[in-house]
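Asker: Submitted below is the structure of interest, expressed as structure tokens.
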Amino acid sequence: MKKKTAVIISVILTIILIIGVCSYTCYNYFISSTKNMQIVMENLHSGIKTELTHEGININPRFSESGDYVYFLSRPYEGSKIQKNQLSVYSLKNMKIVKSVTPYIDNITLTTSILPGNKILCYREDEDHENICIYSTDDGKITQLTDDVNKKSDALISPDGKWISYIEEDIKSSRKNICIITSKGDKKIYISQSSGIFSDVKYYTWTNDSKSIGYIEFLTLIVKSVDGLKTEKADLTGLTNFKCILPEPLNPDSYIIVARQAGTDLSFSILIVSVKEDNFKPWKEKRSFWEIFYSISPDGSRIVYSDKR
């Protein structure tokens, strides 16, 4: 009996040890991976990929309006210590970073949404919540646009610069909806109306003409006009694990979505969704699990994204 008990205890200890080693290995792999996120530009015609960065954490790349620059956020390391995040401006003509912006104030988090006049959309931490602000790189001035305790994320400037959108999470109901305000911070409008977790919004995009916002709600792509007068939908049944949604630069009826196709392997695909035809088709398949934060060039020929390298 004692021998049997000893064997059982030995087996249990061995299982615990194996689980511990696997957990430690997976944890360290994840940590080292997140310390090495690089910006990659990919030619959608030739498939050629170019690394724009080579070290540190680099995320949220976004093409400039002209397509000549890529903005992204960097969190470089100094030894084992992570440094404060900064906005980097990468010139595709010179193929190098030509400008870096670090906020003067500690409680400011920059985005890659740039306004005219050297101004950047940002978040400012206020005790247990944060508000959306505009940060001037000329004098460090902060202009606050929101003033409430709800959580905010994914702030974007509309292509015409007239609106600022973001996802708001209500602190009481935890429901997530898209809100828009003017660039002066007034006239708040709710674009989506979440009724619960399955209708919460996680990914959205402006249309190129700034008249509508496209977003994913469960298994449906919804395109709703800012004035609320027009709503279009496309069925996304058969897709899962959505990563992003982008407007198709050359076709206002279509959107680019990155997701997994149900019934396939664990890789992701870039798909074209047509609202008019209410369907989708794969465009670029076998995408890396680690690809995140996509942006497409104004002419539709290139994408940039963050990837573990």
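Asker: Does K176 satisfy being on the phi < 0 side of the Ramachandran plot and within 19 Å of the chain's Cα centre (by Cα)?
Answerer: The answer is yes for K176.
Asker: Suppose we filter F280, F242 for residues that are touching a residue at least 40 places away in the same chain (Cβ under 8 Å) and under 16 Å from K202 (Cα atoms); which single one remains?
Answerer: F242
Asker: Does I48 satisfy the condition of being farther than 30 Å from G161 by Cα, modelled with pLDDT of 90 or more and either out of contact with any Asp or Glu (no Cβ under 7 Å at 6 or more places or on another chain) or loosely packed, with under 13 Cβ neighbours inside 10 Å (or both)?
Answerer: It is true that I48 is farther than 30 Å from G161 by Cα, modelled with pLDDT of 90 or more and either out of contact with any Asp or Glu (no Cβ under 7 Å at 6 or more places or on another chain) or loosely packed, with under 13 Cβ neighbours inside 10 Å (or both).
Asker: Only one of (1) over 26 Å from D227 (Cβ atoms); (2) modelled with pLDDT under 90 fails for I142. Which number is that?
Answerer: So I142 meets the others, but not (2).
Asker: Something else about it: Tell me the residue from V201, V258 that is within 23 Å of N150 (Cα to Cα) and either basic (K, R) or within 18 Å of the chain's Cα centre (by Cα) (or both), please.
Answerer: Exactly one of V201, V258 is within 23 Å of N150 (Cα to Cα) and either basic (K, R) or within 18 Å of the chain's Cα centre (by Cα) (or both), namely V201.
Asker: Here's a follow-up. If you take the residues in the range 222-243 that are at positive phi and not polar (S, T, N, Q), which one is surrounded by the fewest Cβ atoms within 10 Å (Cβ to Cβ)?
Answerer: Among those that are at positive phi and not polar (S, T, N, Q), it is G228.
Asker: Continuing with the same structure: If you scan the range 289-306, which residues turn out to be part of a loop (DSSP other than H, G, I, E, B), more than 14 Å from the chain's Cα centre (by Cα) and either under 14 Å from A259 (Cβ atoms) or of a type in the set (D, E, K, R) (or both)?
Answerer: Across the range 289-306, the qualifying residues are F289, D299.
Asker: Go through the range 208-237 and give me each residue that's part of a strand (DSSP E or B) and of a type in the set (K, R).
Answerer: K224, K233 - these are the residues of the range 208-237 that are part of a strand (DSSP E or B) and of a type in the set (K, R).
Asker: Tell me, please, whether a residue that is aromatic (F, W, Y), within 22 Å of the chain's Cα centre (by Cα) and more than 30 Å from Q144 (Cα to Cα) can be found in the range 204-214.
Answerer: no
Residues are listed down the side, and each one gets a yes or a no for (1) under 26 Å from G67 (Cα atoms); (2) of a type in the set (S, T, Y); (3) at pLDDT below 95:
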position	(1), (2), (3)
D253	yes, no, yes
A259	yes, no, no
T264	no, yes, yes
S274	yes, yes, no
S288	yes, yes, yes
S297	yes, yes, no
S301	yes, yes, no
V304	yes, no, no
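Asker: Go through (1) modelled with pLDDT under 95; (2) surrounded by 12 or more Cβ atoms within 10 Å (Cβ to Cβ) for G79 and report which single condition fails.
Answerer: Of (1) modelled with pLDDT under 95; (2) surrounded by 12 or more Cβ atoms within 10 Å (Cβ to Cβ), only one is false for G79: (2).
Asker: Moving on. When both residues are 6+ apart or on different chains and their Cβ atoms are under 8 Å apart, which pairs have a first residue that lies in the range 35-61 and is over 13 Å from D307 (Cβ atoms) and acidic (D, E), and a second that is outside any strand (DSSP E or B) and modelled with pLDDT under 95?
Answerer: Matching pairs, first to second residue: E55/N36; E55/P76.
Asker: Tell me yes or no: at least one residue of the range 95-102 is hydroxyl-bearing (S, T, Y) and either in contact with a Pro (Cβ under 9 Å, 6 or more places away or on another chain) or surrounded by 15 or more Cβ atoms within 10 Å (Cβ to Cβ) (or both).
Answerer: no
Asker: Could I ask something else about it? Could you please give the count of residues in the range 116-132 that are touching a strand residue (DSSP E or B) at 6+ places or on another chain (Cβ under 6 Å), surrounded by fewer than 21 Cβ atoms within 10 Å (Cβ to Cβ) and not charged (D, E, K, R)?
Answerer: The number of residues fulfilling the criteria is 1.
Asker: Tally up the residues in the range 268-291 that are charged (D, E, K, R) and more than 17 Å from N241 (Cα to Cα), please.
Answerer: Residues in the range 268-291 being charged (D, E, K, R) and more than 17 Å from N241 (Cα to Cα): 3 in total.
Asker: Only one of these is at positive phi and surrounded by 13 or more Cβ atoms within 10 Å (Cβ to Cβ): G214, G263, G300. Name it.
Answerer: So the residue among G214, G263, G300 that is at positive phi and surrounded by 13 or more Cβ atoms within 10 Å (Cβ to Cβ) is G300.
Asker: Continuing with this model, one more query. Show the residue pairs meeting these rules: Cβ distance below 9 Å; 6+ apart or different chains; first residue within the range 174-196 and assigned to a loop (DSSP other than H, G, I, E, B); second residue of a type in the set (D, E, K, R) and surrounded by fewer than 14 Cβ atoms within 10 Å (Cβ to Cβ).
Answerer: S183/K162; G185/D147
Asker: Tell me which residues, restricted to the range 57-68, are surrounded by 18 or more Cβ atoms within 10 Å (Cβ to Cβ) and not polar (S, T, N, Q).
Answerer: Matches in the range 57-68: I57, I59, P61, R62, F63.
The values are calculated or read from the model by the stated rules, or taken from the named source; none is laboratory data. Bear in mind the structure is a predicted one, so any value in this text is a computation, not a measurement. Heads up, the Cβs are rebuilt from the backbone with ideal geometry, glycines too, and the neighbour counts pull from every protein chain shown.
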